[in-house]
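Participant: Have a look at the structure that comes next, please.
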Amino acid sequence: MHPDKQYMHRALQLARLGQGKVSPNPMVGCVIVKDGVIIGEGWHQKYGEAHAEKNAIDSISDKNLLKGSIVYVNLEPCSHYGKTPPCSDLLITHQVGCVVVSNKDPNPLVDGGGIKKLREAGIEVIVGVLQEEGELLNKDFFYQMNKKRIEV
Ligand SMILES: [Zn+2]
C-alpha cells in the first residue's frame, strides 16, 4: 500500500473513534507525519469540541516539528469560524508542508475554502486519497449536506 494510503487509513481509524459522539458533525481523524514517522495523532472526539487537526497538533509537544510536516486528515480542514477557530489557519500558522485529504467538505460554509486557503499560503494540498472509504465513513453527513445543497 502506498504510504499516503497507509497514513490515511490510520486517520480513518482514528475518525471512527468519534462514532456516536460528534453527530451532526462528520467523524474526522488526523495523523501528522515528519520524515516518515508519525509524530502526532488526533480525532474529533465530541460535538462542539476541538477538531481532529487541533487535537493532533496538541499531541505534539515540540511544535517546531510541525514545520514541513505532512498532515493526513480525511476531511478538508475547515476555513470558517464555527464553534472553534478555523483549522486551516492553525495549519498555516504552524507552517506544515503538505495536507492530504480524502474528501472535500461539502458543507456550504467550507466547500473548497479550506483547500484554497492552504494553497494560497503555499501549502501543497492533495485531495482524494481513500476518497471512497472517507465517503463511506461519513455517508450520513454527506447525504445530509447534499440534501441541504439541493434545497438551497
Ligand atoms: Zn476544523
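Participant: If I take every Cα pair under 8 Å that is 6 or more residues apart in the range 13-105, average their sequence separation and divide by the length, what percent do I get for the relative contact order?
Facilitator: For the range 13-105, the relative contact order is 25 percent.
Participant: By how many degrees, between 0 and 90 and to the nearest 10, does the Cα long axis of helix 139-151 differ from the longest principal axis of the chain?
Facilitator: 60 degrees
Participant: In which sequence would M8, M1, M145 go, from the one with the fewest C-beta neighbours within 10 Å to the one with the most?
Facilitator: Values: M8 26, M1 8, M145 18.
Neighbour counts put them in this order, fewest first: M1, M145, M8.
Participant: How big is the range 1-108 in terms of Cα radius of gyration and Dmax, in angstroms?
Facilitator: Over the range 1-108's Cα set, Rg and Dmax evaluate to 12.6, 36 Å.
Participant: Something else now. Can you tell me the length gained on complete extension of the stretch S61 to L136, counting 0.36 nm per residue apart and subtracting the Cα distance? Show your work: numbers first, answer last.
Facilitator: Numbers: separation 75, 0.36 × 75 = 27.00 nm, distance 3.30 nm.
Between S61 and L136, full extension yields 23.7 nm more.
Participant: Taking other Cβ within 10 Å of each residue's Cβ, how do D4, D58 sort, fewest first? Could you put the intermediate results ahead of the total?
Facilitator: On the way: D4 16, D58 12.
With the fewest neighbours first, D4, D58 line up as D58, D4.
Participant: Could you tell me which trypsin sites (Lys or Arg not before Pro) in the range 35-72 are loop residues by DSSP with no more than 14 other beta carbons within 10 angstrom of their beta carbon? Don't jump to the answer; show the numbers that get you there.
Facilitator: Working: sites: K46, K54, K63, K67; in loops: K46, K67.
Answer in residue order: K46, K67.
Here, each number is a calculation from the coordinates, and none is a lab measurement. Quick caveat: nothing in here was measured; it's all calculated off a predicted structure. Heads up, the Cβs are rebuilt from the backbone with ideal geometry, glycines too, and the neighbour counts pull from every protein chain shown.
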